[in-house]
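Below is a structure I'd like to ask you about.
The values are calculated or read from the model by the stated rules, or taken from the named source; none is laboratory data. Just so it is clear, the structure is predicted and the values come from calculations on it, not from any experiment. Neighbour counts are summed over all protein chains in view; Cβ atoms, including those assigned to glycine, are modelled from backbone coordinates with ideal geometry.
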Ligand code: ADP
């Protein structure tokens, strides 16, 4: 199993790179942002609570996210080759829960950290906001998302760095260049595990 955690600031290209990884390596894609937006669309009570948090740029509480991930892992097909985790874990508590959930299933995960300069992500998100229809792609909310990223999610990268399951990716340039770095790392990991 090749489980990949894509970490990076909002607008760093996690979604785009996830799709490229999924296509080449045949993995499943879990975008927690997409799962949460689906819940909002369903109009459920939970969706309404989530909507308030997301549209202000804040995180959904850990226990809710951990529940979603546990359910997702239980529903993976038997022939699953691995998962790209896009947007999870975003807190150290979520990382610890994921580690336990994966270990229980005899798996582990590697983190790829997409590093993109702050003015570049701001530019990308404001541009995306013109067409995405996402309530959180506006200047004030992006500022808050970046603040949360630095304060709460960055420590997750250090968590994986300490466990030697960490690779840094330069995501400032075009998507092909970014993917070429990711591809080399994943190919190397696959070869080493044969
Ligand atoms: P981005 O990375 O551009 O912020 P996402 O689609 O990954 O976009 O996430 C959108 C929002 O969904 C986040 O700002 C947060 O409010 C919520 N969210 C997504 N994943 C998580 C998570 N693992 N824990 C808590 N909240 C999350």
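Taking region 113-131 as the region of interest, how many residues are farther than 24 Å from residue 41 by Cα, touching a helix residue (DSSP H, G or I) at 6+ places or on another chain (Cβ under 9 Å) and part of a helix (DSSP H, G or I)? Please lay out each step first, then the result.
Initial filter on region 113-131 (farther than 24 Å from residue 41 by Cα): 113-124.
Then keep just the ones that are touching a helix residue (DSSP H, G or I) at 6+ places or on another chain (Cβ under 9 Å); that gives 113-114, 116, 118, 121-122.
So of that shortlist, the ones also part of a helix (DSSP H, G or I) come out as 118, 121-122.
Of the residues in that region, 3 qualify.
Take residue 111 and decide whether it is away from the ligand (no atom under 14 Å from the Cβ), touching a residue at least 60 places away in the same chain (Cβ under 8 Å) and within 20 Å of residue 84 (Cβ to Cβ). Explain how you work it out, then say what you get.
On the way: away from the ligand (no atom under 14 Å from the Cβ): no; touching a residue at least 60 places away in the same chain (Cβ under 8 Å): yes; within 20 Å of residue 84 (Cβ to Cβ): yes.
Considered against the rule, which asks whether it is away from the ligand (no atom under 14 Å from the Cβ), touching a residue at least 60 places away in the same chain (Cβ under 8 Å) and within 20 Å of residue 84 (Cβ to Cβ), residue 111 comes out as no.
While we're on this one: Restricted to region 52-85, and to residues that are out of contact with any strand residue (DSSP E or B) (no Cβ under 8 Å at 6 or more places or on another chain), touching a residue at least 40 places away in the same chain (Cβ under 8 Å) and part of a helix (DSSP H, G or I), which residue is surrounded by the most Cβ atoms within 10 Å (Cβ to Cβ)?
Per the criteria, the residue is 54.
Scan region 154-167 and tell me whether some residue there is more than 22 Å from residue 2 (Cα to Cα) and under 19 Å from the mean Cα position of the chain (by Cα). Full working, then the answer.
Quick first cut of region 154-167, residues more than 22 Å from residue 2 (Cα to Cα) only: 154-155.
After this cut, where a residue has to be under 19 Å from the mean Cα position of the chain (by Cα) as well, the list is 154-155.
Looking through region 154-167, at least one residue is more than 22 Å from residue 2 (Cα to Cα) and under 19 Å from the mean Cα position of the chain (by Cα).
Tell me, yes or no, whether region 151-158 has at least one residue that is touching a residue at least 40 places away in the same chain (Cβ under 8 Å) and away from the ligand (no atom under 11 Å from the Cβ). Walk me through it before giving the result.
Residues of region 151-158 touching a residue at least 40 places away in the same chain (Cβ under 8 Å): 152-153, 155-157.
Next, only the ones that are away from the ligand (no atom under 11 Å from the Cβ) stay: 155, 157.
Looking through region 151-158, at least one residue is touching a residue at least 40 places away in the same chain (Cβ under 8 Å) and away from the ligand (no atom under 11 Å from the Cβ).
Six or more apart or on different chains, Cβ under 7 Å: which pairs go from a residue in region 182-194 that's more than 17 Å from residue 5 (Cβ to Cβ) to one that's in a helix (DSSP H, G or I) and modelled with pLDDT under 95? Could you list them?
Between residues of region 182-194 that are more than 17 Å from residue 5 (Cβ to Cβ) and residues that are in a helix (DSSP H, G or I) and modelled with pLDDT under 95, there is no close pair.
Now, a different point. Within region 34-50, how many residues are surrounded by fewer than 17 Cβ atoms within 10 Å (Cβ to Cβ) and at negative phi? It would help to see each step written out before you state the result.
From region 34-50, those surrounded by fewer than 17 Cβ atoms within 10 Å (Cβ to Cβ) are 34, 38, 41-49; that's our starting set.
Retained after the next criterion (residues that are at negative phi): 34, 38, 41-42, 44-49.
Adding up the residues that qualify gives 10.
Could you tell me whether any residue of region 130-150 is in contact (Cβ under 8 Å) with a residue 12 or more places away in the chain, touching a strand residue (DSSP E or B) at 6+ places or on another chain (Cβ under 8 Å) and closer than 26 Å to residue 57 by Cβ?
Within region 130-150, not a single residue is in contact (Cβ under 8 Å) with a residue 12 or more places away in the chain, touching a strand residue (DSSP E or B) at 6+ places or on another chain (Cβ under 8 Å) and closer than 26 Å to residue 57 by Cβ.
Right, something else. Quick one: residue 134 ticks every box in (1) touching a helix residue (DSSP H, G or I) at 6+ places or on another chain (Cβ under 7 Å); (2) outside any helix (DSSP H, G or I) bar one, so which box is it?
With respect to (1) touching a helix residue (DSSP H, G or I) at 6+ places or on another chain (Cβ under 7 Å); (2) outside any helix (DSSP H, G or I), residue 134 is out only on (1).
May I pose another question? Out of 153, 141, 187, report the one residue that is loosely packed, with under 15 Cβ neighbours inside 10 Å, out of contact with any helix residue (DSSP H, G or I) (no Cβ under 6 Å at 6 or more places or on another chain) and modelled with pLDDT of 95 or more.
Values: 153 fails: loosely packed, with under 15 Cβ neighbours inside 10 Å; 141 fails: loosely packed, with under 15 Cβ neighbours inside 10 Å.
Result of the check over 153, 141, 187: 187.
So, in region 1-37, how many residues would count as being within 18 Å of residue 66 (Cβ to Cβ), more than 10 Å from the ligand (Cβ to nearest atom) and over 9 Å from the mean Cα position of the chain (by Cα)?
Total satisfying the criteria: 1.
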